[in-house]
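Encoded as structure tokens, the structure appears first; notes follow it.
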Amino acid sequence: MNIHEYQAKELLASFGIAIPKGQVILEANQAKATAAKLGGSLWVVKAQIHAGGRGKAGGVKICKTLDEVQQAAETLMGSTLVTHQTGETGKVVRRIYIESGIDIAHEYYLSLLVDREKESISFVVSPDGGMDIEAVAANTPERILNVSIDMASGLSGFHIRKMIFFLGLTDNIAKQFGQLVTKLYAMFQQTDASLLELNPLVCTKQGKFIALDAKFSVDDNALYRQKEILAYRDLGEEDEKEIEASKYHLNYIALDGSIGCMVNGAGLAMATMDIIRLKGQRPANFLDVGGGVTVETVCEAFKLLFDDVHVKAVLVNIFGGIVRCDVIAQGLLEAVKTHPMQVPVVMRLVGTNEKEGQQLIADAGLDVRWAKDLDEAATLAAEAV
């Protein structure tokens, strides 16, 4: 689950990490008074959306007067920002964060993430903060340091000194950085984070580290014990279909294609999407119904696919082991009671109770196109589109 920048900064502050003075507003007419309350002679007005690249899209504006703050807020509030992470449809700005300006001496990049390959938490640091880290990695990879922390032994002085040396920090600045890294590591573990990114992490002209921007993601599987973070959830930033799917514990991600997919198992789902691409079409979603599937959850999954106006055909690819094929069939029969099949449905049901599942659908007289294997299923779905 992602949260907004201002929420991430609230978390950072709770762990003793310095952030700029700021205030979130929900209405543009609050901007001028908010900036005046913050004080100073320079302010930054930031659109709050769950996507990177806001600055390049015009979502971050530096203002030198209160009137400029008001004008920036009026321009941003309710506008649609299109960045490299939002897709062509963009995201509507419903919240704005106003911050006091900072005297910046240097910008750094610092992030923590879960490195699944190394089974560790990794720090990624670079002296080139404020830039797209992807561009730095592509053009000057020697400017990025990755430090993996063994989960058994934890963060040590060696790890901290390695980062300090790489960034060229000395004296009091180096000492501050060590304290900052220690706090960030504790925060990452205690909040069940999957990503914490400070870009940029700035050192002010007064020699103090401040998190000027922050991105934070928490592991969805740990939200049951992170109630305070769960309260930060902004449903307005999430796809409506994904919200609906989460109510039934369906692993659903909306995509931009025209073939709706229903599969059991993440690996099989990925393979299904790959072969759809090989057939010249694009998947409309990732949908893994999981192993503990019920008739009710399958029914809701079909409803999600049938309600999606972008779906021109549905491909069901079930390899029944724990999942029974007759349960999938019964779910379809329940779904069509309220959501008649308006698009072609291609099914590959193989495994436990496959004959029973096929017979249920045949007895109901549904116009389902059957496939004996995944290649044939993808071909039929592509042809249907």
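Please list 54-64, 258-268 highest first by mean number of surrounding beta-carbon atoms within 10 Å per residue.
258-268, 54-64
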Original post:
What's the angle, to the nearest 10 degrees (0 to 90), between helix 354-364's Cα axis and the longest principal axis of the chain?
Top reply: 70
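Looking at the square roots a ≥ b ≥ c of the eigenvalues of the Cα gyration tensor of region 78-126, which shape do they give, rounded for a/c under 1.5, prolate if a/b is larger than b/c, or oblate? Let's see the in-between values first.
On the way: a/c = 2.91, a/b = 1.32, b/c = 2.20.
Cα axes put region 78-126 in the oblate bin.
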Subject >> Contour excess over end-to-end distance, with Cα ends at Glu296 and Lys118 and 0.36 nm allotted per residue >> reply: 60.2 nm
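What GluC sites (Glu not before Pro) in region 1-85 are in a loop by DSSP, with at most 14 other Cβ atoms within 10 Å of the Cβ?
Details: sites: Glu5, Glu10, Glu27, Glu68, Glu74; in loops: Glu27.
Passing both the DSSP loop test and the Cβ count: Glu27.
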**OP:** List the lysines whose Cα lies under 17 Å from the Cα of Lys337, skipping any in the same chain that are fewer than 8 positions away.
**Re:** Lys303
Subject >> Modelled FRET efficiency - R0 45 Å, Asp219 with Thr140, Cβ distances, 0.05 increments >> reply: 0.90
Subject >> On Cα atoms only, tilt of 171-190 relative to the major axis of the chain in degrees >> reply: 30
**OP:** Would you list, by chain and number, the lysines whose Cα falls below 26 Å from the Cα of Lys37, excluding same-chain residues fewer than 8 positions away?
**Re:** Lys9, Lys21, Lys46, Lys61, Lys64, Lys205, Lys208, Lys215
**OP:** Report the residue, chosen from Ile210, Ile144, Ile361, that carries the largest GNM mean-square fluctuation when the chain is represented by alpha-carbon nodes joined by springs under 10 Å.
**Re:** Ile361
Original post:
Going by the alpha-carbon gyration tensor, a ≥ b ≥ c the square roots of its eigenvalues, is the chain rounded (a/c under 1.5) or, if a/c is not under 1.5, prolate (a/b greater than b/c) versus oblate?
Top reply: prolate
Subject >> Added length on full extension, which subtracts the Cα-Cα distance from 0.36 nm per residue, Val350 to Asp67 >> reply: 95.3 nm
Subject >> Distance between modelled label sites at Ser14 and Val309, nm, 7 Å Cα→Cβ extension >> reply: 3.9
Subject >> Positive-pole candidate from Thr65, Ala47, Ala28, dipole of region 21-101, charges at beta carbon >> reply: Ala47
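In the neighborhood of Val385, defined by Cβ-to-Cβ distances under 11 Å, what is the net charge if each Lys or Arg adds +1 and each Asp or Glu adds -1?
Neighbour charge sum, excluding Val385 itself: +2.
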**OP:** Using only Cα atoms, tell me the angle between helix 157-167 and the longest principal axis of the chain; keep it within 0 to 90° and round to the nearest 10.
**Re:** 80
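Could you compute the net charge surrounding Asp363? Neighbours are other residues with a C-beta less than 14 Å from the C-beta of Asp363; K and R count +1, D and E count -1. Walk me through the numbers before you get to the answer.
Values: positive: Lys355; negative: Asp326, Glu356, Asp367.
Neighbourhood net charge equals -2.
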Subject >> Relative contact order of region 21-101, pairs being alpha-carbon contacts under 8 Å that are 6 or more residues apart, as % >> reply: 45
Original post:
Does region 1-120 come out rounded, prolate or oblate by the C-alpha gyration tensor, with a ≥ b ≥ c the root eigenvalues, rounded set by a/c under 1.5 and, if not, prolate when a/b is larger than b/c and oblate if not?
Top reply: oblate
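How much length is gained on full extension from Asp256 to Ser41, taking 0.36 nm per residue of separation minus their Cα-Cα distance? Mind showing how you got there, number by number?
On the way: separation 215, 0.36 × 215 = 77.40 nm, distance 4.42 nm.
Stretched out fully, the Asp256 to Ser41 stretch lengthens by 73.0 nm.
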Subject >> Positive-pole candidate from Tyr248, Ile322, Gly280, dipole of region 239-384, charges at beta carbon >> reply: Gly280
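Order by neighbour count: Ile121, Ile322, Ile328, fewest other Cβ atoms within 10 Å first, most last.
Working: Ile121 22, Ile322 12, Ile328 28.
Neighbour counts put them in this order, fewest first: Ile322, Ile121, Ile328.
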Original post:
Along the charge dipole of the chain, which of Gly265, His84, Gln358 sits closest to the positive end, that is, farthest toward it, with unit charges on the beta carbon of Lys, Arg, Asp and Glu (+1, +1, -1, -1)?
Top reply: His84
Original post:
Under a plain spin-label model, where a point goes 7 Å from the Cα along Cα-to-Cβ, how far apart in nm are Lys162 and Asp234?
Top reply: 3.6
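The numbers here are math on the coordinates, done by the rules we state, and not lab data. As the structure is a computational prediction, the values presented were derived from the model and not from experiment. All Cβ positions, glycine included, derive from the backbone under ideal geometry; neighbour counts span all protein chains shown.
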